[in-house]
Amino acid sequence: MHFTRRHLLCGCAATALTGCVGAGGGKPIAAGYAPALDSVEGGLWEIFNKAEADLKFSPLRMTDEELNRYVTDIACRLAGSHCPDMRGYLVRTPFFNASMAPNGMMQVWSGLLLRCQNEAQLAAVLGHEIGHYLKRHSLQRFEQMRDNATIAAFLGIAVAAAGGGALANLPGLVALANIFAFSREQEREADGVGLELMVNAGYSPIEASEIWRGLIQERDAGLTADERADRKDKSDVFFASHPAPEDRAQTLALQAAAYPGGKRIVGEERYLAQARAFRDMMMQDELRLHQHDRTLVIVDRMKAANPGDADPFYYEGEVYRSRNEGLDDGLAMRAYSRAIEADDDHGLAWRGIGILHRRAGREADAATAFQRYLELVPDASDRLMIQSYVGA
Ligand SMILES: [Zn+2]
């Protein structure tokens, strides 16, 4: 039987009248589970199967095989026998977000990959999302929609997102990712499941709360004390639908401490080895948001995770150079220089130094730095422009 939008509307309106709370929601799901097509749950899955078919061809999808395999392997270690039931999609969108649809379609956004300091933090997010799936939270939310107007609004978003290329742009992706505003209880439950999956897979559970600490730092970056007291985070797609990050960080830390100690995986280097190839792109996307204070928090956390890494200093230089206020050029020069100290062959840092010199009218210094850049990055996409600067 083919499940149509109308069937689903009727089905749920009927259950809503008779009270459908708890019917299936929150109950663990068996490995290999698929709902009957003529059930409410089957209809819900069908909508997201369509959305998934669209997402597969979104131009924002990051399709690099190695990176996808890396994330999938972590998800599978966490999900165990449920691994074949879920499919992860990496999406190039510069915000911290991950989401799980009822049919096992998981989205992980590049803004999240940029912010993870290590493999355990990524595992924490994946574990949390897997928790939503295992506990069937979307179905629970759907069944809690009491009136036809709410259901119709939900279906309007879902069906719009499920076809017509809506997932090629950010509003469509945001609508789909946040379609179920999970309750605080559900978020807590998913956090708890996520921690357990992390520990079972050998990861250090304290890293789950560390992610939230980073997000709190970002949220408060550059704010005065008054502004901090008044913060509402209306603009943040992730905070909008989730409980207060302070509560989560604290609860997760307490729960993590309850697990026995011992040697557990954090995986800073493993994570860096995979993320490095994409960080320049993700950082350029981040810089385009012009939220420089927040971006500096991300950069500081990168430095803390891998102290010998030259890239975070280069990124710091990029932040100051792009903000270009007051003493920023001096701060940018200092940061690029530290990148060069850590790695003399850091071509992009040499490029930044060249631009700063040129901006200040120091043509000879600029030419030297640009030459170094062109030697180190022979296939630079801006080669012609840089050559015109140095008169080569
Ligand atoms: Zn959640």
(message) For segment 119-129, check the following and say yes or no: at least one residue is more than 20 Å from the chain's Cα centre (by Cα) and surrounded by 24 or more Cβ atoms within 10 Å (Cβ to Cβ).
(response) no
(request) Would you check which residues across segment 285-299 are in a helix (DSSP H, G or I) and touching a residue at least 24 places away in the same chain (Cβ under 8 Å) and list them? (result) 285, 286, 287, 292, 293, 294, 295, 296, 297, 298
(message) Of everything in segment 79-94, what is within 16 Å of the ligand (Cβ to nearest atom) and more than 29 Å from residue 306 (Cβ to Cβ)? Give them in sequence order.
(response) 86
(request) Select the helices (runs of 4 or more DSSP H) contained entirely in segment 125-235, then report the ones holding at least 1 residues which are of a type in the set (Phe, Trp, Tyr) and more than 22 Å from residue 110 (Cβ to Cβ). (result) 137-144, 148-161
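The rows are residues; the columns are (1) closer than 30 Å to residue 80 by Cβ; (2) more than 16 Å from the ligand (Cβ to nearest atom).
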site: 155; (1), (2): no, yes
site: 159; (1), (2): no, yes
site: 171; (1), (2): no, yes
site: 179; (1), (2): yes, no
site: 184; (1), (2): yes, no
site: 200; (1), (2): yes, yes
site: 203; (1), (2): yes, yes
site: 218; (1), (2): no, yes
(message) Testing residue 141 on (1) within 13 Å of the ligand (Cβ to nearest atom); (2) more than 30 Å from residue 295 (Cα to Cα); (3) surrounded by 24 or more Cβ atoms within 10 Å (Cβ to Cβ), one condition comes back false. Which one is that?
(response) (3)
(request) Test residue 157 against the stated conditions and say whether it is in the same structural domain as residue 67 (by TED's automatic domain parsing), without any contact (Cβ under 8 Å) to a residue 24 or more places away in the chain and of a type in the set (A, V, I, L, M). (result) yes
(message) Within segment 112-124, does at least one residue satisfy the condition of being over 25 Å from residue 69 (Cβ atoms), at pLDDT 80 or above and not in a helix (DSSP H, G or I)?
(response) no
(request) Scan segment 111-126 for residues that are closer than 13 Å to residue 265 by Cβ and either within 12 Å of the ligand (Cβ to nearest atom) or touching a strand residue (DSSP E or B) at 6+ places or on another chain (Cβ under 6 Å) (or both) and jot them down. (result) 120, 123, 124
(request) Test residue 207 against the stated conditions and say whether it is within 16 Å of the ligand (Cβ to nearest atom) and either in the same structural domain as residue 126 (by TED's automatic domain parsing) or modelled with pLDDT under 80 (or both). (result) no
(request) Looking only at segment 375-384, count how many residues are closer than 16 Å to residue 353 by Cβ and out of contact with any helix residue (DSSP H, G or I) (no Cβ under 6 Å at 6 or more places or on another chain). (result) 3
(message) If a residue must be under 17 Å from residue 273 (Cα atoms) and out of contact with any Ser or Thr (no Cβ under 9 Å at 6 or more places or on another chain), how many such residues does segment 66-111 contain?
(response) 9
(request) Of all residues in segment 95-110, count the ones that are assigned to a helix (DSSP H, G or I) and within 12 Å of the ligand (Cβ to nearest atom). (result) 0
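The values are calculated or read from the model by the stated rules, or taken from the named source; none is laboratory data. Keep in mind it's a predicted model, so treat the numbers as computed, not measured. All Cβ positions, glycine included, derive from the backbone under ideal geometry; neighbour counts span all protein chains shown.
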